Amino acid sequence: MGKNMLGVFETTKEAIEAAVVAQKELVTNYSYEDRDRFIARIKQAVIDSLEEFCRLEFEETGYGRVDDKKAKNGGIVSLPGTEVLPSAVHMGVKGVTIEYPAPYGVIGAVTPVTNPSSTILCNGVMAMTAGNSVVFNAHPGAKDISAKSIHLFNEAVVAEGGPCNIVTMPRIPSLDTLDDIMGHPAIKLLVGTGGPGMVSTLMKSGKKVIAAGAGNPPCIVDETADVDKAAVGIFYAASYDNGLLCATEKVLYVVDEVFEEFFKNIVTAGARVLTREEADKVTAIALQKLPTGKTVANKNYVGKDAAVILKAANVPVSGDPRLAIFEAKQDDSFVLTEQMMPILPIVRCKDFGQAKAWAVQAEQGLMHSASIWSNIVERVTSFGREINTTIFVHNGSTMAVFGVDGTGKAGPTIATPTGEGICTAATFTRKRHFAMANGGNFIL
Ligand code: NAD
């Protein structure tokens, strides 16, 4: 796979050089309107091949649910075009200064195995909107679907008369190809979407980095919440694509007064309840202790169906439950480890104060995502202040910021440690300033 595909090269050098040429062509020979036409064609191409794409992504990675991937990958249609590129004019009798959004040039980007095609296609579109090209270092476990995404993108742009190779990749990505990308003088910006090892590697490059790192999003349900709505919203978000989204709820804190009612409602929504003994069996296979003492998710079970994980743990299961839940303690490793599985630990809390303290502890200062279901605005404010996450949602799941029961657009890269938030086309621009001095162009 990858041979004879547009934008997919045998060597990193070729991938970078092609992206350099394409970027120059894009900014020299094409207008903003051209870029918008390219974007429309890419969106159409994604929609036309959505079913096949999602199936192939599932077959290669073994992660997630095909139907959920259709919603995830189809989210590209929500992306805006060049109209969102920010500019400003400052004027006075001494002249006019224009602030405008220039591209970085060629971006080097690292993508995760959990959302490979949506990250390449959405970030590719946003980077091109801003006038950049991108050399992707895809996750080796998703290199084929990544190559298909790169090909689809270039094919659509070329079909609209645009330059080939706005997005490229080395056919066989590795840490060595990443080294080549990071060290190449043409690469002006690095964008990394993935876990902590990747973020620290990019940070050592000496180049500007936009880093979208790991999370462990906690959610609180207090006694004033609409418990029915909360149960349905959390059931959907925590099970979405089998827990693969970094931003969706991974651990839940429910205040004692409404705990039983909430539990009943989430079971009615479709969750399979694990006994303590069953939860221990699941934990034993789903998490692993590293020699360093750190507990991490066992990659063999990341993004798998709950039924697959339960069967592997010798826990009886019937049908295909989207989510398994269990009553957990705050010191359970499932609570404190980013696990990316459709298994949701639910911790009973005596009151909101305890829920807030434990949720902050579970988030571990990653500044990623959190949510709260409550009708006391002071509590929402106080939790928001203390948890200090990039995404914070009130009375909805964290997916609200991406437009699910809320207002927002697709955003596969949530830059947490470096602070850019959900990346948009504007994130991939450099601010430049052009001044007409000595009263230039100021007509009184
Ligand atoms: P991962 O960290 O294993 O891999 C991500 C990418 O980094 C891959 O391309 C991989 O090849 C590369 N990589 C891995 N280790 C590296 C190292 N030491 N040096 C350089 N590159 C390295 O993560 P994954 O399993 O692909 O994705 C899941 C992780 O990504 C989770 O932690 C999740 O929270 C995070 N994630 C974050 C966001 C976000 O927007 N913040 C989005 C998606 C995923």
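The values are calculated or read from the model by the stated rules, or taken from the named source; none is laboratory data. In this text, all values refer to a predicted model and were calculated from it rather than measured experimentally. So basically every Cβ, Gly included, is an ideal-geometry build from the backbone, and we count neighbours across all protein chains shown. Heads up: the accessible areas ignore ligands, DNA and RNA and are worked out on the full protein's heavy atoms, side chains in. Shrake-Rupley method; radii C 1.70, N 1.55, O 1.52, S 1.80 Å.
Do we find a residue being touching a helix residue (DSSP H, G or I) at 6+ places or on another chain (Cβ under 8 Å), farther than 25 Å from VAL110 by Cα, more than 16 Å from the ligand (Cβ to nearest atom) and not in a helix (DSSP H, G or I) anywhere in the stretch 243-252? Looking through the stretch 243-252, at least one residue is touching a helix residue (DSSP H, G or I) at 6+ places or on another chain (Cβ under 8 Å), farther than 25 Å from VAL110 by Cα, more than 16 Å from the ligand (Cβ to nearest atom) and not in a helix (DSSP H, G or I). Checked against (1) open to solvent by 30 Å² or more (accessible area, probe 1.4 Å); (2) in contact (Cβ under 8 Å) with a residue 60 or more places away in the chain; (3) in contact with a Lys or Arg (Cβ under 7 Å, 6 or more places away or on another chain), PHE352 passes all but condition (1). In a residue-by-residue description of the stretch 31-50, the property of being in contact with a Cys (Cβ under 9 Å, 6 or more places away or on another chain) and open to solvent by less than 50 Å² (accessible area, probe 1.4 Å) applies to no position. Residues that are open to solvent by 10 Å² or more (accessible area, probe 1.4 Å) and either among the aliphatic types (A, V, I, L, M) or in a loop (DSSP other than H, G, I, E, B) (or both) were ranked within the stretch 91-104; the one that is nearest to the ligand (Cβ to nearest atom) is TYR104. Tallying residues that are part of a helix (DSSP H, G or I) and open to solvent by less than 20 Å² (accessible area, probe 1.4 Å) within the stretch 200-227 yields 2. Scan the stretch 389-410 for residues that are open to solvent by 60 Å² or more (accessible area, probe 1.4 Å), assigned to a loop (DSSP other than H, G, I, E, B) and touching a Gly at 6+ places or on another chain (Cβ under 8 Å) and the total you get is 2.
When the residues of the stretch 182-199 are narrowed to those that are among the hydrophobic types (A, V, I, L, M, F, W, C) and farther than 14 Å from PHE428 by Cβ, which ends up surrounded by the fewest Cβ atoms within 10 Å (Cβ to Cβ)? Please lay out each step first, then the result.
Kept after step one, since they are among the hydrophobic types (A, V, I, L, M, F, W, C), are these residues of the stretch 182-199: 182, 186-187, 189-191, 198-199.
Filter again for farther than 14 Å from PHE428 by Cβ, leaving 182, 186, 198-199.
Details: MET182: 19, ALA186: 15, MET198: 22, VAL199: 20.
The selected residue is ALA186.
Screening the stretch 168-181 for residues that are acidic (Asp, Glu) and within 11 Å of the ligand (Cβ to nearest atom) and picking the one that is surrounded by the fewest Cβ atoms within 10 Å (Cβ to Cβ) gives ASP176.
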